[in-house]
1. Kindly provide the set of residues from region B:19-41 that are more than 12 Å from chain A (Cβ to nearest Cβ) and in contact with a Leu (Cβ under 9 Å, 6 or more places away or on another chain), ordered by number.
2. Based on this model, can you work out whether A:R74 counts as closer than 22 Å to A:K2 by Cβ, of a type outside the set (G, A, S) and assigned to a helix (DSSP H, G or I)?
3. Considering only residues that are surrounded by fewer than 24 Cβ atoms within 10 Å (Cβ to Cβ) and either at pLDDT below 95 or within 14 Å of chain B (Cβ to nearest Cβ) (or both), which ones fall in region A:166-194?
4. Exactly one condition in (1) under 26 Å from A:V343 (Cα atoms); (2) facing chain A (nearest Cβ under 8 Å) is false for B:W50; which is it?
5. Search region A:280-300 for residues that are within 12 Å of chain B (Cβ to nearest Cβ) and pair each with any residue that is part of a loop (DSSP other than H, G, I, E, B) and aromatic (F, W, Y) when their beta-carbon atoms are under 7 Å apart and the residues are at least 6 apart or on different chains.
6. Going by what's in this entry, would B:A44 be described as outside any strand (DSSP E or B), more than 9 Å from every other protein chain (Cβ to nearest Cβ), in contact with a strand residue (DSSP E or B) (Cβ under 6 Å, 6 or more places away or on another chain) and buried (at least 18 other Cβ atoms within 10 Å of the Cβ)?
7. Answer yes if at least one residue in region B:55-73 is assigned to a helix (DSSP H, G or I) and within 12 Å of chain A (Cβ to nearest Cβ), and no otherwise.
8. Which of the residues that make up region A:337-356 are away from chain B (no Cβ under 14 Å), modelled with pLDDT of 90 or more and surrounded by 15 or more Cβ atoms within 10 Å (Cβ to Cβ)?
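The values are calculated or read from the model by the stated rules, or taken from the named source; none is laboratory data. The structure presented is a predicted model; accordingly, all values stated were derived computationally and were not measured. Virtual Cβ from ideal backbone geometry, glycine too; neighbours counted across all protein chains shown.
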Amino acid sequence: MKKIIVVGGGMAGSIVANGLARKLNKELNNGLVNITVISATDKHLYQPGLLYLAFGRVRENELIRDQKTILDKRIEFHVDPAINIDTQAKKVTTKSGKVFEGNYLVIATGSRLVPETVPGLAEGAHQFYSVDGAKKLRDTLKTFEGGKIVINVNAPHKCPVAPIEITCMLHDFLTEKGVMEKSEITYTYPVGRVHAMEPVANWAVPEFEKLGIKSETLFNTKEVNVDKKTITSEEGVTLNYDLLITIPPHKGQQVVEDSVPDAKGGWCPTDKKKLYLEGTTDVFICGDTTNIPISKAGSTAHFEADTIVDNISSLIQEGTMARDYDGKVFCFIETGKEEGSYVWFNYTTPPAPGLPTKAVHRFKLAYNKMYWLSAKGLL
Amino acid sequence: MSERKLIDARGAACPGPMMELIAMLKLLEVGDEVELLSTDPGTAADVPTWCDKVGHKLVSKTKADDHWILVVGKAK
C-alpha cells in the first residue's frame, strides 16, 4: 500500500487530499492507497472572506466549516498538530505522540502572522488576517468617527492585493458612513511603489490621488509607539495615527522552521517547477509553505495543489511525474465602488490587470460562495 | 559564522525581488549576506538607494547577460 501523508488542512492540503482521492479513486477503494491529513484544527476557514468580515458584509459562520465535511470520507483525518516533520524518513510526529510514516509527504502547513516581530505592532495595530482581528476591526469601524488612518503593509505577507483592497473598501465604507471628510488615509508600502506588481501600482496611484489617499513608499516598519500613536519606518519616517491597520509580517509554521532542513523563516526550499522539497523527490511543498518567490495567495496554493495531485497520482499509477508547475497565480482585486478587477501571471507571462468592472466584483462575490467546491477539489 | 542566501527572483512579478530581499534580511543575522538575482531594472536601481537609506551594505552589483546580481550585507 502507498501511503500519502498531507500535513495541513487548509486550502492547499484539502485540495491535494481531495484531488488525490478523486484521481486515485480505484486504488483508494481497493486499499492500495491511503491518504492521511494531519491538521492543527478541526475547522476550515475561507481566509479571503476576512476582508468582508472586517466591513460587516459577511458573518463569521459563513467563512468557517467543519474540516471533516470538506474532505472525502475515505481520507483519514487527524486533528493533532505536527510537532516534528522528518523529511528524510517521511515521518510526522504529532502532539499526541502518534507517528505517521508515508511513501509521499506533502507539507502544506501555511503561514502565520508575526506582528510581535515589530515592537508595538501587535498592541497598537488592527489587522484583518484572522477571525478575531477582522471582528475587532469591524467593531472599531462601527464607532469610528473620523481621524488619521494609517494602512501599513509589511513584508512578507500573503494575499498581495489585500492592502489595495482594504484601502479602497475602507474609503467606500467611511464615505457611506459620512465620516470620510473628517478622515485622512495614508497607505505605507515596503518597496518604492504602492504595489509589488508594477501594473497594479500604475493603476493604484491615480486611483489613490482621485480618492485623496496619501501614500508613503519605501516604508519598512521599525516600531509603533502605542502611547504616542505613531508608527516609524526603518527609513526614518514617522506618521501619526488615530487608527492603525496593519498587514502584519508573516512567517511559515514553527514546526517547519524547527524540523525541515534549511527552512529559514518556516519557508521550505522548493523546486519551483517540480514542487519537491529541494534534495528530495517524494516530499512535496504546497501553498504558502514554499520559498518560491511568487505570491502567497489562495490561487497559488490551488494551482500548485493541482500540479501535485497530477504528479503524485501519476507516480503511483505510472511511475513518472505528469507535469511541471508553471508559476500561475490569479487574484481578484476589489477596487471599491462595487467594482473589481483581476490579474493573472506565471513564470513567463507578466501581470496585466484589466480595468475594474461591476461584473468582476459580482463574480468575486459569487466565488466567495463557490470556494467550498474548490476546497473539495471540484472547481 | 556568517552565511549567504541566494534569492533567484529572475522574472518574478509578485511580490518581486525587492520584497523578497527585505523579507530575507529580516531572517538573517548581522554580517550575513543575500545574493539577489533580478531581471527587473527598477530593482537594480532601487536596491542601492534603499541600502543607503536604511543602513545595509551593498557589497556588489554586477550585470550578467540578462540579469543583475546584487549582493547585500545585513548591517543592522
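1. Passing the criteria: only B:E35.
2. So A:R74 does not fit the description; no.
3. Result: A:G192, A:R193.
4. (1)
5. A:N291/A:W267
6. yes
7. Checked region B:55-73: no residue is assigned to a helix (DSSP H, G or I) and within 12 Å of chain A (Cβ to nearest Cβ).
8. A:E339, A:G340, A:S341, A:P356
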